[in-house]
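Participant: Have a look at this one.
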Amino acid sequence: MDELNREVIVAVSQMKEFERFLKSDLKYCVLMDIHLALLASMVKAAHDHEKKVFLHLDLLRGISSDEYGCEYACQRLKADGIISSKVKTIETAKKNHRTAILRLFLIDSKSLERGLTLCNSCNPDYVEILPGIACGILPYLQTRTTSKLMCGGLIRTPEELKACFDAGACAVTISKMETVNQYREKYS
């Protein structure tokens, strides 16, 4: 498992975005909304460029986000990590020695408590909190889980990206490469 430390992970859903990622100095991407037929060549291309690929199994087309789909993603596609909101999928990723990222949608106190229960039942490597703009909850979550925390979703500005890191996120998933570039210009 990779140790993420203030990493920006670009979320890719189109080939043009993937090509931009390959040319960038970013190390990680998450593939989502991509058709199964493209995944093997995309993962290989990323590896050829010494980059890492996480597959968001809940949001890919043509592959199931269950244990069998996860095994296929790990063993055949050679994904470096798996993102899912499903405990069984996270457990399968861990059994296959891949980075396992549990995605939690926090919309209220009930979803927060349910998410913590899920997190502590499967012990993922990382927990991605959505929406990322709710990063103020990270210090509280750090007292309730041993998993490292990430943020993603609705992050539109360099300031919001910085706020996630300042709140304790070890990584932030973002789809807008322009925001990443603005963040780096402003805060690097």
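Participant: Mind listing the phi-derived Karplus ³J(HN,Hα) values for region 159-170, rounded to whole Hz, using 6.51, -1.76 and 1.60 with θ = phi - 60°, and x for any glycine or proline?
Facilitator: 5, 5, 4, 5, 4, 5, 5, 4, 7, x, 5, 8
Participant: What is the magnitude of the charge dipole of the chain about its Cα centre, with +1 placed on the Cβ of each Lys and Arg, -1 on the Cβ of each Asp and Glu, and no other charges, expressed in debye to the nearest 20?
Facilitator: 120
Participant: Of 115, 36, 138, which is farthest towards the positive pole of the chain's charge dipole, taken about the Cα centre with +1 and -1 on the beta-carbons of Lys, Arg and Asp, Glu respectively?
Facilitator: Ranked along the dipole, the leading option is 36.
Participant: Using Cβ counts within 10 Å as a stand-in for footprinting exposure, how do 63, 34, 9 rank, fewest first?
Facilitator: 63, 34, 9
Participant: Kindly provide log₁₀ I(q)/I(0) values, in the same order as q = 0.10, 0.17 Å⁻¹, from the Debye equation applied to equal alpha-carbon scatterers of region 1-141.
Facilitator: Normalising to I(0) and taking log10 leaves -0.32, -0.92.
Participant: What order do you get for 56, 97 when you list them from fewest to most C-beta neighbours inside 10 Å?
Facilitator: 97, 56
Participant: Using the scaling law 2.2 N^0.38 Å as the reference, what is the normalised Cα Rg of region 97-188?
Facilitator: Ratio of Rg to 2.2 N^0.38 Å for region 97-188: 1.07.
Participant: Order of 173, 157, 143 from fewest to most other C-beta atoms within 10 Å?
Facilitator: 143, 157, 173
Participant: Per DSSP H run of n ≥ 4, the term is -39500 (n - 2.57); total these for the chain, divide by its residue number, and report the mean residue ellipticity at 222 nm rounded to 500 deg cm²/dmol.
Facilitator: Calculated from helices alone, the mean residue ellipticity at 222 nm is -12500 deg cm²/dmol.
Participant: OK, next. Amide H to amide H under 5 Å from residue 60: which residues, 5+ apart in sequence or cross-chain, H placed 1.01 Å off N in plane?
Facilitator: Correct list: 33.
Participant: For every other residue with a beta carbon closer than 14 angstrom to the beta carbon of residue 115, add +1 if it is Lys or Arg and -1 if Asp or Glu, then tell me the sum.
Facilitator: Net local charge, residue 115 excluded: +2.
Participant: Which of the trypsin sites (Lys or Arg not before Pro) found in region 132-188 are loop residues per DSSP with 16 or fewer other Cβ atoms within 10 Å of their Cβ?
Facilitator: 144, 156, 176
Participant: Right, here's the next one. Taking the Cβ of residue 103 as the center, what net charge do the other residues with Cβ under 12 Å away carry, scoring Lys and Arg +1 and Asp and Glu -1?
Facilitator: Combined, the nearby Lys, Arg, Asp and Glu give -1.
Participant: While we're on this one: Can you give the longest stretch of the chain with no exposed loop site, where a site means GluC sites (Glu not before Pro) in a DSSP loop (not H, G, I, E or B) with at most 14 other C-beta atoms within 10 Å?
Facilitator: Here the longest run is 51-188.
We did not get these values from a lab; they are worked out from the coordinates using the rules stated. Computed from a predicted structure; not experimentally measured. Cβ sites come from the backbone with ideal geometry, for glycine too, and all protein chains shown count toward neighbours.
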